[in-house]
Amino acid sequence: MPDHSPGAGVRVRDLTKRFGSAARPAVDAVSLDVRPGEFMTFLGPSGSGKTTTLNMIAGLEGVTGGEIRIGDRDVAALPAHRRDLGVVFQQYALFPHMTAAQNVAFPLRRRKLPKAEIAERVARTLDLVRLGDHADRLPRKLSGGQQQRVALARAIVFDPRVLLMDEPLGALDKKLREQLQIEIARLHRELGVTVIFVTHDQEEALALSDRIAVFNEGRIEQVGTASDLYERPATRFVAAFLGDSNAFEGTLSGGRLAGDGLDLRAPATDLPDGSRAALIVRPERLRLSGAPGSGDNAVSADVTDIVYQGAFRKVLIRFGNGGAGCVREAIGALSDIAPGDRVTVHWSPDHAVLVPA
Amino acid sequence: MSRVSWPLRAVTALVAVWLVVPTLIVIPLSFTDRASFAFPPKGWSLRYYERFFTDSGWLIALFNSAQLALIVTVVATALGSAASFALVRSRFRGAGALNGLLMAPIVVPTIIVAIAVYATFLRWGLVGTAAGFVLAHTVLATPYVIVTVTSALRTFDRRLERAAASLGATPWATLRHVTLPLILPGVASGAVFAFVTSFDEVVVSLFIQSPELQTLPVRMFSGVTNEVDPTIAAASTVVVAITTALILLPQLLRRNTDHA
Ligand SMILES: Nc1ncnc2c1ncn2[C@@H]1O[C@H](COP(=O)(O)OP(=O)(O)OP(=O)(O)O)[C@@H](O)[C@H]1O
Ligand SMILES: [Mg+2]
C-alpha cells in the first residue's frame, strides 16, 4: 500500500453495543486496526454484529462503549453528517425523487460547493461508474446494478477518506455481483480510499480483501489475509467457517494431543498443558494411503463417499472416533481407493494447526 | 387495474351514485328561472348566480369562509404535521392515548363539540370573533392532517434519512430535502382536507357566529330556514365546485408527475 494513500486509518478499541436490555451485546469489545488505503472485509454469519459495527463507525448507531478513531481524530462526539465517510447500503437507499445526477450531487450541495464544480464532479464520478448517459434518470428507471452504481458514485463523489459498504451487492444476481466486484476493486485501486466492506459471502471476501475480519457472536475471531485465515485459523469457528476442515479433539499434554483413541503430535502452541484443543488440517493437506494405521501425524479412517469436482475430487471419510472429515485430491494424484475401504490419512506436521477446543 | 368481478363493480357504482346524486341535484336547481326549488326546473337562467355574485351579504360570507379556510389550512397543516412526527417518530408512554385524543374531534358527534366550544368561548369572549373561528375549525381540521401525514410517515423509508446523514446532511437539511418532499403528497391531501373541513363546517360555526361574522355555510343554513331562495342552490354549487376542484387537485398533480 502506498504511503501517500488518501485513505485514512480506522482504529477501533473495545467497541461495544448493547441494544436495550438484550442479554448478550450485539457487538462485544471489538478492537481492530484498518490501515490507510486498506480493503478490509467484515465476514461472518447473520447476526454476528457486522452491520452494527459498521454503523457505529459511520455514526449511524449509538455506541455503548469503546473508542473509534478515524485518521487521527476521535469521532465519538461527531454525528454521522460530520464524519465525512462514504456509506453504501445494501438496499441502495437512493433518493427516489431525485435523478441519478441529483443523487450524486446531494453530498456536494450539502458541502456548499460552487455550482460549476458540483456539475463537473458529478459528471466525472458518473463516468467513473460508467453511468454517464443515465444522469437524468430517476432511480426507479434504473436496473438494480445501475442503482447500486449511483449509490457508489454518491458515496465517493465527495472524496471521503473511508468508504463503508454494507453488503452492497447482496441484492444483485451472481453475474452482476461479479461485475461490480471488479469495479469496486478498480475504484479502490484508483482512489486509494480505505474500504470497510461487509459480506457474508466467502468468495466475495476472498476476491476483494487485503485482510478479512471474521465476526462471530459480536466478537472478532481473527483478522488476517485470506491465506492467514485459511492456513492458520486461530479458532475452530474460523476453521469451520472458511472452507472445509478436519478436526481432531483432545487434551494437551507434553507436546501431544490425546483423546478419543488418538494420540497425535501437537504443533508448537501457547496453550497450557491440560487444556482441551483441536488439531485442524485442511482437506488438501491430507494424504491417503491404503493400509490402515495411525501414528504421530496419521489416523485411520473409512472412506464413505467420493465426489468429483472438476480438477479435484473430494474423498469423504469417517474417523475411528466417529467424526467426519474429507480429503481433497488433485486429479492426476489420485490414490487407488473406493468407498468402504479402510485407509490411513496422514499429514506433514507443518500443515497442522492447534486451536482451543 | 386488477380484475374485479362485475357484481362488485355494480355495487361500487351504485354506492357512488347514492353518495353523489343528492349533491348533483342541487346543480340543476341552481339554474332555474323560478323562485322555487322545483325539480326538474321548468326554465333555465343564471339569475341566481348573478344574485350570489352581486349581493354583498353572500360575497362577504364567501370571502370570510375562504379566508378562514386558508388560515385554518396553514395552522392545521403545520400543527398536524408536527404532531404526526411526534406520534410516529418517538416512542413515549401514552402515545396511543394521545393519538386517540387528537382524533376525538372526528369521532365525537359535532354537536357535542359545538356545545363545548360554545360554552368555553363564551367564557373566553371568543364567540363571533375570527380568532374563535380559526381556533374551532383548526381543532376539527387537524385530525385529518394527522391521519394523512401519519400514514405518509409510516410508509416513508427511514433508511433514506440515514443515507442523507452519511452524505453530510444536517437533520434540518435531511428534513427539507429528503423527508418533506417525499411525504408531500400526504401533507398536501391533509391540507386539502383541512381546507374543506373549515370551508363547509356548519354546526360549530352556527353556535359561534355573530351577525357581523358569518361564514358561507352559516348564511346558507339561515337562508334555507328563513325562505325559499334558489340563490342557496347557486351557493351550494359554488361550494361543490370549489371542494371538488381541491380534492381532485392532488390526484391530477400526482398523475402528472407519474407520467413525467
Ligand atoms: N436495532 C436493533 N435493535 C435490537 N437488536 C438489534 C438491532 N440491530 C441489530 N440487532 C441485533 O444485533 C445483533 C447483530 O446484528 P447485525 O445486524 O449487526 O448483524 P449482521 O452481522 O450485520 O448480520 P447480517 O449478516 O444478517 O446482516 C443481532 O442479534 C441483531 O438481532
Ligand atoms: Mg448486516
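Listing for the model above:
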read-out	value
Residue check for residue B:66: within 13 Å of the chain's Cα centre (by Cα) and either surrounded by fewer than 19 Cβ atoms within 10 Å (Cβ to Cβ) or among the charged types (D, E, K, R) (or both)	yes
Residue match in the stretch A:103-124 (condition: polar (S, T, N, Q) and away from ligand 1 (no atom under 16 Å from the Cβ))	yes
Boolean, residue B:156 is more than 14 Å from every other protein chain (Cβ to nearest Cβ) and out of contact with any Phe, Trp or Tyr (no Cβ under 6 Å at 6 or more places or on another chain)	no
Scope the stretch A:1-50; condition among the polar types (S, T, N, Q) and touching a strand residue (DSSP E or B) at 6+ places or on another chain (Cβ under 9 Å); matching residues	A:5, A:16, A:31, A:41, A:48
Number of the exception - residue B:179 against (1) within 14 Å of chain A (Cβ to nearest Cβ); (2) part of a helix (DSSP H, G or I); (3) within 30 Å of the chain's Cα centre (by Cα); (4) surrounded by fewer than 19 Cβ atoms within 10 Å (Cβ to Cβ)	(4)
Members of the stretch A:16-47 found to be closer than 24 Å to residue A:72 by Cβ, away from ligand 2 (no atom under 16 Å from the Cβ) and not charged (D, E, K, R), listed by number	A:16, A:29, A:31, A:32, A:34, A:36, A:37, A:39
Qualifying positions in the stretch B:153-176 - surrounded by fewer than 16 Cβ atoms within 10 Å (Cβ to Cβ) and of a type in the set (Phe, Trp, Tyr)	B:172
Residue check for residue A:335: in a strand (DSSP E or B), farther than 24 Å from residue A:242 by Cα and small (Gly, Ala, Ser)	no
Residue in the stretch B:134-142 that is of a type in the set (Gly, Ala, Ser), touching a Phe, Trp or Tyr at 6+ places or on another chain (Cβ under 6 Å) and away from every other protein chain (no Cβ under 14 Å) present	no
Given (1) surrounded by fewer than 16 Cβ atoms within 10 Å (Cβ to Cβ); (2) over 20 Å from the mean Cα position of the chain (by Cα); (3) among the small types (Gly, Ala, Ser); (4) assigned to a strand (DSSP E or B), number of the condition residue A:31 does not satisfy	(2)
Which numbered condition residue A:169 misses (of (1) buried (at least 18 other Cβ atoms within 10 Å of the Cβ); (2) without any contact (Cβ under 8 Å) to a residue 40 or more places away in the chain; (3) assigned to a helix (DSSP H, G or I))	(3)
Filter result (under 22 Å from residue A:67 (Cβ atoms) and within 16 Å of ligand 2 (Cβ to nearest atom)) within the stretch A:79-113	A:87
Members of the stretch A:45-78 that are at negative phi, of a type outside the set (Asp, Glu) and assigned to a loop (DSSP other than H, G, I, E, B)	A:45, A:46, A:48, A:60, A:62, A:63, A:64, A:75, A:76, A:77, A:78
Close pairs (6 angstrom Cβ cut-off, 6 or more residues apart or separate chains): within 14 Å of chain B (Cβ to nearest Cβ) in the stretch A:143-158, among the hydroxyl-bearing types (Ser, Thr, Tyr) anywhere	A:147/A:92; A:148/A:92; A:151/A:92; A:153/A:125; A:157/A:125
Residue check, residue B:169 touching a Lys or Arg at 6+ places or on another chain (Cβ under 7 Å), part of a loop (DSSP other than H, G, I, E, B) and at pLDDT 95 or above	yes
Residue match in the stretch A:177-200 (condition: at pLDDT below 95, within 14 Å of chain B (Cβ to nearest Cβ) and at positive phi)	no
Residue among A:97, A:81 that alone is more than 16 Å from ligand 1 (Cβ to nearest atom), surrounded by fewer than 22 Cβ atoms within 10 Å (Cβ to Cβ), within 14 Å of chain B (Cβ to nearest Cβ) and outside any helix (DSSP H, G or I)	A:97
Residues that are closer than 30 Å to residue A:123 by Cβ and either away from ligand 2 (no atom under 16 Å from the Cβ) or surrounded by fewer than 19 Cβ atoms within 10 Å (Cβ to Cβ) (or both), drawn from the stretch A:48-78	A:59, A:70, A:71
Residues located in the stretch A:25-59, provided they are more than 14 Å from chain B (Cβ to nearest Cβ) and within 8 Å of ligand 1 (Cβ to nearest atom)	A:26, A:27, A:42, A:44, A:45, A:46, A:47, A:48, A:49, A:50, A:53
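Listed here are the residues, each with its yes/no results for (1) within 16 Å of ligand 2 (Cβ to nearest atom); (2) within 25 Å of residue A:80 (Cα to Cα); (3) out of contact with any strand residue (DSSP E or B) (no Cβ under 8 Å at 6 or more places or on another chain).
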site	(1), (2), (3)
A:158	no, yes, no
A:161	no, yes, no
A:166	yes, yes, no
A:178	no, no, yes
A:184	no, yes, no
A:203	no, no, yes
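The values are calculated or read from the model by the stated rules, or taken from the named source; none is laboratory data. Predicted model only: the values in this text are computed from it and were never measured. Here the Cβ is made from the backbone with ideal geometry for all residues, glycine too, and neighbour counts use every protein chain on show.
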